[in-house]
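Here the structure is laid out as structure tokens; the discussion comes afterwards.
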Amino acid sequence: PYDADDADVILRSSDYIDFPVHKGILGMCSSVFRTMFTLPQAALAVDNADVDEGGLPIVVVSEDSRTLDSLLPFIYPSIPTPYPVSFDVVDRVIAAAQKYEMTAVSSFARSLLRNQCRSDLAYDHPFRAYVSACKYGFAEEALEAARHSLERRMDFEEYRPYLSTLASGSTLHMLSVYRGRCRDAAIA
């Protein structure tokens, strides 16, 4: 889908996949790209040390191709966004959108996370939903996921894959305290 003849810049992923895109679209969605594209063309090419065979500047980004494949449909009007979207996709999109200051994409991805926290996905994976919401400071979504977690036993083995994404142990502690308070309220 990223093969437009009129592309004027290449985004190169960390795994060396090229995405021919348009500066204008990236610049409208991202203040980071807008600022980058106001630099003289020579500076852009020198900083990223490359141009493609057609002479297009290549902007090397730290995101992998899966992340760019997930992010670009949110900003590109001609590429349909796949639905439903998994926690992993929403997580990658939010991280990249925040990094590149894509406010509208961040808001939209947050609404997707909110919907996930209210859906069967959160019932099946409440801790995953909770970690995603906490990682980005989304209190309302974290509370919704914490509510879903009340219906499940806290099993460390189930949560282990998500622990590395937590900024601190306090996030897990807050969930444990919430669950304890709910249990105490139910007993009282």
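The values are calculated or read from the model by the stated rules, or taken from the named source; none is laboratory data. The model shown is predicted, which means the values in this text are computed figures rather than measured ones. Cβ coordinates were reconstructed from backbone atoms using ideal geometry, including for glycine residues, and neighbour counts include every protein chain displayed. Only protein heavy atoms, including side chains, enter the accessible area calculation; ligands, DNA and RNA are left aside. Shrake-Rupley method; radii C 1.70, N 1.55, O 1.52, S 1.80 Å.
A few remarks follow.
- Filtered residues of the range 16-41 (kept if in a loop (DSSP other than H, G, I, E, B), over 18 Å from the mean Cα position of the chain (by Cα) and either modelled with pLDDT of 85 or more or under 19 Å from E101 (Cα atoms) (or both)): Y16, I17, H22, T38, L39
- Only residues that are closer than 20 Å to G27 by Cα, of a type in the set (S, T, Y) and assigned to a loop (DSSP other than H, G, I, E, B) were counted across the range 66-99, and they come to 3.
- Unmet criterion (only one of (1) over 21 Å from V21 (Cβ atoms); (2) under 13 Å from the mean Cα position of the chain (by Cα); (3) open to solvent by less than 40 Å² (accessible area, probe 1.4 Å)) for V85: (1)
- So E63, is it part of a loop (DSSP other than H, G, I, E, B), open to solvent by less than 80 Å² (accessible area, probe 1.4 Å) and at pLDDT 75 or above: yes
- Number of residues in the range 132-148 that are open to solvent by less than 40 Å² (accessible area, probe 1.4 Å) and either in a helix (DSSP H, G or I) or of a type in the set (A, V, I, L, M, F, W, C) (or both) equals 9.
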